[in-house]
Amino acid sequence: MGCRRTTDPDSLLRITVGPDGHLRVGRTEPGRGAWLCAGSPACLERATRRGALSRALRRDIPTGDIERLRGRLHGAGFGGDADPKQD
């Protein structure tokens, strides 16, 4: 979504908005989702700069959620059904 490339589903992360209104990461999370390249902060940057993440999820994304997601991508990255809210 962010970089607009087509790739193997195993190398993508599914982002959703949870019932509490915060971003969630995981293939099994319910609700409308958007896909980003796993381990690619550049993909997230492009998606947020273009407004693609908000459009895909059909809602404004709080800056704090974007920052947490960005921190996880720049840090250890995601593994499995990770939650960007958890530390």
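The values are calculated or read from the model by the stated rules, or taken from the named source; none is laboratory data. The structure displayed is predicted, hence computed values, not measured ones. Here the Cβ positions follow ideal geometry from the backbone for every residue, glycine too, while neighbour counts run over all protein chains shown.
A few remarks follow.
- Of all residues in region 21-42, none are touching a strand residue (DSSP E or B) at 6+ places or on another chain (Cβ under 8 Å), part of a helix (DSSP H, G or I) and either at pLDDT 90 or above or of a type in the set (Ser, Thr, Tyr) (or both).
- Selection count, region 19-48, where residues are surrounded by fewer than 15 Cβ atoms within 10 Å (Cβ to Cβ) and either touching a residue at least 60 places away in the same chain (Cβ under 8 Å) or within 17 Å of Asp60 (Cβ to Cβ) (or both): 5
- Qualifying residue in region 62-78 (condition: part of a loop (DSSP other than H, G, I, E, B), loosely packed, with under 11 Cβ neighbours inside 10 Å and either modelled with pLDDT under 85 or in contact with a strand residue (DSSP E or B) (Cβ under 6 Å, 6 or more places away or on another chain) (or both)): yes
- Of all residues in region 7-18, those satisfying the criterion of being part of a loop (DSSP other than H, G, I, E, B) and either in contact (Cβ under 8 Å) with a residue 24 or more places away in the chain or more than 14 Å from Ser40 (Cβ to Cβ) (or both) are Thr7, Gly18.
- Breaking point among (1) touching a Lys or Arg at 6+ places or on another chain (Cβ under 9 Å); (2) farther than 13 Å from Gly18 by Cβ; (3) modelled with pLDDT under 80, for Asp83: (2)
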